[in-house]
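Asker: This is the structure I have questions about; it appears just below.
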Amino acid sequence: MKQIILQPVTRIEGHAKVTIQLDDQGNVADTRVNVVELRGFEKFCVGRPVEELPRIVPRICGVCPWAHHLASSKACDAVFGVEIPPVAKKLRELAYMGHFIHSHVLHFFVLSGPDFVMGPGADYTVRNVIGIAQKVPDIARQVLRARFLGQMMTQVLGGKAIHPDVSVPGGWSKPVTKEEVVKLKEMAKECLDFATFAMNFAKKDIFPQYLEVVKSYAPISTGFLGMVQDGALNLYDGNLRMMTADGKYEDFPGERYMDYIAEHVEPWTYLKFPYLKKAGGFSMALDKPVGIYRTNSLARINVCDRIPTPQAQAELEEFRKNFGRPAQLTLLYHWARLIELLYAAERAVELLADPGITDPNTRKTVSPRAARGVGVVEAPRGTLIHDYETDEKGLVKDVNIIVGTTHNNAAINMSVKKAAQDLIKNGKYDQGLLNLVEMAIRAYDPCLSCATHELDGRIPVRVNIVNHAGETVANLVD
Amino acid sequence: MAEAAGYVPEYCRKDTLVLGCGNVLLGDDGFGPQVIAYLQSHYPLPEDVALLDVGTGVQGVLLDLALSQQKPRRLVLVDVLDRGQPPGTIATLRVDSLPPGRGGDFFPHLSPTSSLLRELEKLAGVEVVLLTVQSPGLPQEVHPGLSAPVLEAVPRACELIARSFFSHA
């Protein structure tokens, strides 16, 4: 028996490691994706004043700081038992739309885009950002410009974009001025123009070219989890909706997540496997999965009945006409991401047209108490749950955080296994295959920055082939 | 265009941009942010220099720099790097001294990528300097705070930065 290990080497070993176990015939027997999460954060929070958490949690992740910042703020609102002012909700959602624009543009065009713009089998030396920039320089300029504007929107609203602290328990600390609204409208409009262009460009020049790849690549069948408000897509607020693979669904408030989600543990990874409790069990068997659901863009597009902005709604209708509901093809995450990009830009324009957005009463006072509070938002990478419990002084007694990547843990493992099974036959594999396996992971946009970062660029992907005795018989590097 | 209307971050308009990279929740990984904080509290900041604690979000700043019509002439990244040296050893490196590879590009969230730094230097003409410190080891779980040798290296690193890049210091 042989093992193939795809392993980016980082300072914390096993940061994201793919192990492919082959049987004696050289076909895939099993796969395991190890994603190391930031461990010990919950313990670190215990004993701290709960109001500190919204400004600490952005440090968990430099990629999705706004998602943690807002989920934490919502959990604190619940702990303090405060209903925040309407303008605070609008400002939080507006800043969040900026973050979504920034994040989705990055993922589609810069991170996963190269798989499509340059072709899935292209050599890495051209399948990168510079490769795109050289092949389609005008698009690259627009892409980076839109990303820049999304980031700047969060900066105008919050003072800083990377480690935000503007959202506080009880509301929002900084009213927006009329002058800033004028600037923000200009930015949001330009983002909407870009989102419209991006969707048209992808439907004309990218998706048709790779439609067969999308349809045939590593299909799996799962349920989906996402947020809706009155049945419509919402990224900041609403109920959670759990949809099973047959399209049936149930809505529930975020604070009841433990009634719907259980956690399975595997001995080979620290990362848990959340699953649908009512399924009565957990199995990642490709032919008959049990309890598996997915989050992130495709899940949100599947669970919502409609999208409350016109352009995104039109795209949703076209998407469903092509792929049904729920759509199961993993690479459709990218398509769904562009629909959400449109929604985020449209919603930003909508919020800025609201004259109440400059209301200076952005915050209510709060008082500590013993309570439990749950805050949920849809992070770009999936449903994000912050669950806090405090004592009578408002000090943290318990914290539980479930991030989007954790929800998708089982599905990522299933997708990688399916991809590997389809691509490795009788022990035959090559470097191009490795990228195709990685594509399964990239579709989910898993967030791994929580652990550490890497500067030196040393051999980040390694293929070890190990025989049944554990001896390395071959060692390939990228 | 918004950029013409003054939406370019101030740090893009400076001559020298110093980025403190790392996660303050993970021991010595917080070296970069700690250096930025020390510089801010102990040195008068020249007008042509910007300091930024980018935490684990440095990739986004680098992409914004790649986008911006205006870029700093020099980019200084402060980070922890394992080079097998005694703990607390400070090194000043150029991008060319990093091994070639696709480090960090496998996923978006491992950063900064040496390839992106190379492109910033070669294509955009930004001088990229890496100021690194050797850690005795990073914790496996959340554990804020620097080790003694790395903490001791903070003022030395700041003095080096000020002497090398703060023309008025």
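Asker: Sorting A:242, A:227 on the 10 Å Cβ count, fewest up front, what's the list?
Answerer: The fewest-first ordering by Cβ neighbours comes to A:242, A:227.
Asker: If neighbour count is taken as other Cβ atoms inside 10 Å, put A:252, A:319, A:109, B:31 in order from fewest to most.
Answerer: Exposure proxy ranking, most exposed first: A:252, A:319, A:109, B:31.
Asker: Here's another thing I want to ask about it. Run down the aspartates and glutamates and flag those whose C-alpha is under 14 Å from the C-alpha of residue A:393, throwing out any fewer than 8 positions away in its chain.
Answerer: A:51, A:52
Asker: Of all GluC sites (Glu not before Pro) in the range A:341-443, which ones are in loop regions per DSSP and have a Cβ with at most 11 other Cβ atoms within 10 Å?
Answerer: Answer in residue order: A:392.
Asker: Would any residue of the range A:289-323 have its amide N under 19 Å from a label point 7 Å out along Cα→Cβ of residue A:230? List them or say none.
Answerer: A:303-314
Asker: List, in the order given, every pair from A:248/A:277; A:135/B:14; A:90/A:185; A:43/A:160; A:90/A:160 whose Cα-Cα distance in the structure shown is over 20 Å. Before the final figure, lay out each step's value.
Answerer: On the way: A:248/A:277 15 Å; A:135/B:14 31 Å; A:90/A:185 14 Å; A:43/A:160 28 Å; A:90/A:160 18 Å.
Where the Cα-Cα span goes over 20 Å, the pairs concerned are A:135/B:14; A:43/A:160.
Asker: Right, here's the next one. Arrange A:66, A:268 by Cβ neighbour counts within 10 Å, fewest through most, would you?
Answerer: Fewest to most other Cβ atoms nearby, the residues stand as A:268, A:66.
Asker: So, one more: Expressed in nm to one decimal, what extension gain is obtained for the pair residue A:193 and residue A:328 from 0.36 nm per residue of sequence separation less their Cα-Cα distance? Walk me through the intermediate numbers first.
Answerer: Working: separation 135, 0.36 × 135 = 48.60 nm, distance 2.92 nm.
Taking residue A:193 through residue A:328 to full extension adds about 45.7 nm, to one decimal.
Asker: Label residue B:143 and residue B:13 with points 7 Å out from Cα along Cα→Cβ: what is the distance between them in nm?
Answerer: The answer from the label model is 4.4 nm.
Asker: At what distance in nm do the modelled label points of residue A:367 and residue A:268 sit from each other, each positioned 7 Å from its Cα along Cα→Cβ?
Answerer: Those two pseudo-labels are separated by 5.5 nm.
Asker: Using a 7 Å offset from the Cα along the Cα-to-Cβ direction at both residue A:256 and residue A:290, what is the distance between the two label points in nm, to one decimal?
Answerer: For residue A:256 paired with residue A:290, the spin-label model returns 2.5 nm.
Asker: Within the set A:288/A:428; A:203/A:425; A:89/A:189, which residue pairs have Cα atoms separated by over 23 Å?
Answerer: Long pairs (Cα-Cα over 23 Å): A:288/A:428; A:203/A:425.
Asker: Pick out, from A:351, A:390, A:329, the residue whose Cα sits farthest towards the positive end of the charge dipole of the range A:283-397, with +1 on the Cβ of Lys and Arg and -1 on the Cβ of Asp and Glu.
Answerer: Highest projection toward the positive end goes to A:390.
Asker: If you don't mind, another one. So if we plug the beta-carbon distance of residue B:42 and residue B:85 into 1/(1 + (r/R0)^6) with R0 = 30 Å, what FRET efficiency do we get, rounded to 0.05?
Answerer: 0.75
Asker: So if we plug the beta-carbon distance of residue A:279 and residue A:306 into 1/(1 + (r/R0)^6) with R0 = 30 Å, what FRET efficiency do we get, rounded to 0.05? Before the final figure, lay out the partial values.
Answerer: Details: r = 27 Å, r/R0 = 0.90.
Working from the Cβ atoms, E equals 0.65.
Only the coordinates and a few stated rules stand behind these numbers; no lab work does. It should be emphasised that the depicted structure is a prediction, and the values quoted were computed from it without experimental measurement. Ideal geometry is used to build each Cβ from the backbone, glycine not excepted, and the neighbour counts take in all protein chains shown.
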